[in-house]
Amino acid sequence: MPKKPFEEAARAGVHLIAQVKDNQPTLHQAVADLCATTKPREKTCTVDKNKRLRHETRSYEIFLPRKALADSEWSEHVACVIRVQRDTLKRSAATGLWKDTHETAYHVCDIVPSAKEAARAIRKHWGIENRAHYIRDCSFAEDASRIRKNPGVFARIRSFAANILRFNRTENVGNARYRLAIGGIAALQSIKFM
């Protein structure tokens, strides 16, 4: 994660929450150490029950970096660190057994939001991910595309097609694409709407 988005956000007068991933090993380690050795300033918890055969509990904790990032290039950009811990029970439809997983993610922010505000912002990001990127990848096979000349044009066309299907309240984009491919415009009448 480069510092440039934080600089651009500051110039535009907006605020930013960004996930710290393993490709930033120094920052990731500093943030993980901070969360392991410091008490959180504030925390909150959310629970999603039985959504898509899963039960997910998320805890959001806000940490102030104080001296942890003082000597780093991130000291002027990071006002707080957010640790998100996800405990997920996934049920296998085939066996009926539940599998338990635990994930920890770290985010940095240029302001200090409340834990509930941070939770809301991070979850909204996943709404964008699921509505745009997942549909384009899974239903339109964007990652498998071999288009190398002007791929951005085709990405916009895929988004345009997904928006048309959403406007028509299509429940299953993959099914709608199949019906349109075999039946043309007349197939629109047989697509199940919400």
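The numbers here are math on the coordinates, done by the rules we state, and not lab data. Keep in mind it's a predicted model, so treat the numbers as computed, not measured. Positions of Cβ are backbone-derived with ideal geometry, glycine not excepted, and every protein chain shown enters the neighbour counts.
Brief remarks follow.
- Listed by first and then second residue, the pairs linking a residue in segment 41-63 that is within 22 Å of GLU117 (Cβ to Cβ) to a residue that is assigned to a strand (DSSP E or B) and of a type in the set (S, T, N, Q), with Cβ atoms under 6 Å apart and 6 or more places separating them unless they lie on different chains, are CYS45/SER59; VAL47/THR57; GLU56/THR88; ARG58/THR46; SER59/GLN85; TYR60/THR44.
- Complete set of residues in segment 68-113 that are surrounded by 11 or more Cβ atoms within 10 Å (Cβ to Cβ), more than 20 Å from LYS39 (Cα to Cα) and of a type in the set (Val, Ile, Thr): THR88, THR101
- Qualifying residue in segment 114-131 (condition: part of a loop (DSSP other than H, G, I, E, B) and either surrounded by fewer than 18 Cβ atoms within 10 Å (Cβ to Cβ) or among the charged types (D, E, K, R) (or both)): yes
- Residue ID - nearest to LEU16 (Cα to Cα), chosen from residues in segment 84-113 that are among the hydroxyl-bearing types (Ser, Thr, Tyr) and part of a strand (DSSP E or B): TYR106
- Answer from GLU73, GLU61 - the residue that is touching a Pro at 6+ places or on another chain (Cβ under 6 Å) and either in a strand (DSSP E or B) or among the acidic types (Asp, Glu) (or both): GLU61
- Hey, VAL31 in a helix (DSSP H, G or I) and among the β-branched types (Val, Ile, Thr) or not: yes
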